[in-house]
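Shown next, in structure tokens, is the structure this report addresses.
None of the figures in this text is laboratory data; all of them are computed from the coordinates on show. Everything numeric in this text was worked out from a predicted model, so none of it was measured. Cβ sites come from the backbone with ideal geometry, for glycine too, and all protein chains shown count toward neighbours.
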Amino acid sequence: MQLMNMNCPHCGSKAEKNLTTYTIDLGEVLVVIRRVPCYQCDHCGEIVYDADVFQNIEKIVGAAKTMKQEVSIVDYKKVA
């Protein structure tokens, strides 16, 4: 699914398509996913993910947990 412009759910300002880095610390593993498609608010900086993108993030994080690495850095476009 392709991202379209939208309004920020936090402040209501215009949010535009962008790329971001998603980071989550799971205690035993730190997962960093680079170049993740998102909406980012022009005013407050709030980041929102499309449902399909978030499902891919969950899959990537799940796979990273099984690798038992302390740090896992993934390029979204190469695995999603």
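Results, tabulated for the structure shown:
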read-out: All positions within segment 1-10 that are surrounded by 14 or more Cβ atoms within 10 Å (Cβ to Cβ) and in a loop (DSSP other than H, G, I, E, B); value: L3, C8, H10
read-out: Identity of the residue in segment 23-80, assigned to a loop (DSSP other than H, G, I, E, B) and at positive phi, that ends up surrounded by the most Cβ atoms within 10 Å (Cβ to Cβ); value: G45
read-out: Segment 24-52 residues that are closer than 13 Å to G12 by Cα, paired with ones that are among the aromatic types (F, W, Y) and part of a loop (DSSP other than H, G, I, E, B) (beta carbon under 9 Å, 6 or more apart); value: Y39/Y49
